[in-house]
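The values are calculated or read from the model by the stated rules, or taken from the named source; none is laboratory data. Since we're looking at a predicted model, the values are computed, not measured. We place every Cβ from the backbone using ideal geometry, glycine too, and count neighbours over all the protein chains shown.
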Amino acid sequence: VLKSILHSLLDLSWISKIQVNQPAVLRRAQQIQARRTVKKEWQAAWLLKAVTFIDLTTLAGDDTYSNIQRLCYKAKYPIREDLLEALNMHDKGITTAAVCVYPARVCDAVKALKAAGCTIPVASVATGFPAGQTHLKTRLEEVKLAVEDGATEIDVVINRTLVLTGQWEALYDEIRQFRKACGKAHLKTILATGELGSLTNVYKASMIAMMAGSDFIKTSTGKETVNATFPVAIVMLRAIRDFFWKTGKKIGFKPAGGIRSAKDSLAWLSLIKEELGDEWLKPELFRIGASALLSDIERQIYHHVTGRYAAYHDLPMC
Ligand SMILES: *[C@@H]1O[C@H](CO)[C@@H](O)[C@H](O)[C@H]1NC(C)=O
Ligand SMILES: *[C@@H]1O[C@H](CO)[C@@H](O)[C@H](O)[C@H]1NC(C)=O
């Protein structure tokens with residue numbers, strides 16, 4: 001009980017004096033990106049691990065039941081069976097971590113996964129994604145309806161103006177309301193860091209989102225002009241670490257937007273490993289929001305197994 005009171009505590013003293021040292025963060029980001037991430041012989045295993053962190057996403061105006069169905073099938077069978085067999089990983093039940101869709105498509109995803117006999121969670125974006133420019137009342141209603149339809153994870157966007165004008169208490173109150181509307185569903189709070197102005201704001205918004213009860217903090221919607229970047233990630237990961245030291249609670253991290261290559265996914269894994277440690281490398285605490293990434297990982301695994309690059313028809317896309 002004490003812990004849960006602590007988690008819902010707004011303590012502005014945690015953020016009031018924070019100033020992120022931008023040059024140091026940029027240096028650290030360069031360091032990580034310049035490094036060769038994983039030894040060649042371990043690459044396939046790490047790529048398969050990356051698959052299990054993916055929130056396989058489609059957020060398009062023309063999404064229909066049939067492409068949601070294909071997405072769900074791909075989430076259940078992310079890598080061709082014979083490739084998994086060659087790696088002796090075919091009986092490990094490798095799936096993506098979740099599928100992520102618009103609220104109006106949650107029913108489709110739930111139905112398709114059920115038909116496939118699959119228990120992968122359905123995540124829904126909500127609260128006027130991606131801009132958040134709808135009335136609070138409809139944003140809250142949207143969360144509730146997505147949960148009613150069977151989403152067990154809700155990716156909300158915040159009001160960026162509250163960050164840009166330093167209205168931390170109002171931001172906290174808003175996210176608390178999202179938290180309440182989620183009920184038992186997990187709350188993933190998208191900060192849209194490309195629109196927050198400074199790394200100091202990114203740190204503060206991260207802290208507020210965690211104090212307000214987010215299970216995950218997420219970098220971007222994928223619709224801003226700046227997507228998930230390493231400097232922003234480093235700041236968010238340090239906020240997660242500081243929050244853990246203060247409360248003992250582990251909050252998850254989800255980079256999203258523009259993560260397309262297998263190589264990038266490995267860089268993200270090593271960033272998490274170095275900043276937070278192996279205990280964060282599990283789907284409960286780390287996700288990658290992506291749509292095209294899985295295809296590239298499958299291509300790299302195909303190459304690893306066969307020594308050839310896949311032709312277009314070798315690997316059906318989702
Ligand atoms: C976001 O916050 C600003 C500042 O308080 C407010 O003026 C604006 O109406 C809010 N946006 C929404 C969509 O509620
Ligand atoms: C951000 O990510 C989205 C989705 O992956 C992509 O369409 C867009 O081109 C990216 N933008 C930038 C600036 O990288």
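Please work out which one of (1) under 26 Å from residue 147 (Cβ atoms); (2) touching a helix residue (DSSP H, G or I) at 6+ places or on another chain (Cβ under 9 Å) is the condition residue 186 fails and give its number.
Result: residue 186 fails condition (2) only.
Within segment 241-265, count every residue that is in a helix (DSSP H, G or I), surrounded by fewer than 23 Cβ atoms within 10 Å (Cβ to Cβ) and within 15 Å of the chain's Cα centre (by Cα).
The total comes to 1.
Which numbered condition in (1) in contact with a helix residue (DSSP H, G or I) (Cβ under 7 Å, 6 or more places away or on another chain); (2) in a loop (DSSP other than H, G, I, E, B); (3) among the aliphatic types (A, V, I, L, M) is the only one that residue 301 fails?
Going through the list (1) in contact with a helix residue (DSSP H, G or I) (Cβ under 7 Å, 6 or more places away or on another chain); (2) in a loop (DSSP other than H, G, I, E, B); (3) among the aliphatic types (A, V, I, L, M), residue 301 breaks only (2).
Could you list, ordered by first residue, the pairs with Cβ atoms under 9 Å in which the first is in segment 154-172 and among the charged types (D, E, K, R) and the second is within 8 Å of ligand 1 (Cβ to nearest atom), at least 6 apart or interchain?
160/132
Where residues in segment 143-174 are under 20 Å from the mean Cα position of the chain (by Cα) and assigned to a helix (DSSP H, G or I), which of them is nearest to ligand 2 (Cβ to nearest atom)?
Residue satisfying both the conditions and the ranking: 160.
Taking residue 118 and the conditions (1) within 22 Å of residue 75 (Cβ to Cβ); (2) at pLDDT 95 or above, which numbered condition does it fall short on, given that it satisfies the others?
(2)
Which one of the conditions (1) within 15 Å of ligand 2 (Cβ to nearest atom); (2) touching a residue at least 24 places away in the same chain (Cβ under 8 Å); (3) assigned to a helix (DSSP H, G or I); (4) more than 16 Å from the chain's Cα centre (by Cα) does residue 225 fail to meet, given that it meets all the rest?
That leaves (3) as the condition not met.
Exactly one of these conditions fails for residue 39: (1) modelled with pLDDT under 95; (2) under 30 Å from residue 210 (Cα atoms); (3) not small (Gly, Ala, Ser). Give me its number.
Among (1) modelled with pLDDT under 95; (2) under 30 Å from residue 210 (Cα atoms); (3) not small (Gly, Ala, Ser), residue 39 violates only (2).
Select, from 136, 199, 191, the only residue that is on the phi < 0 side of the Ramachandran plot, within 14 Å of ligand 1 (Cβ to nearest atom), aliphatic (A, V, I, L, M) and out of contact with any Phe, Trp or Tyr (no Cβ under 7 Å at 6 or more places or on another chain). It would help to see each step written out before you state the result.
Working: 199 fails: within 14 Å of ligand 1 (Cβ to nearest atom); 191 fails: within 14 Å of ligand 1 (Cβ to nearest atom).
Just one listed residue meets the conditions, 136.
When you go through (1) away from ligand 2 (no atom under 16 Å from the Cβ); (2) over 20 Å from residue 238 (Cβ atoms); (3) outside any loop (DSSP other than H, G, I, E, B) one by one for residue 184, which number turns out not to apply?
If we test residue 184 against (1) away from ligand 2 (no atom under 16 Å from the Cβ); (2) over 20 Å from residue 238 (Cβ atoms); (3) outside any loop (DSSP other than H, G, I, E, B), just (3) comes out false.
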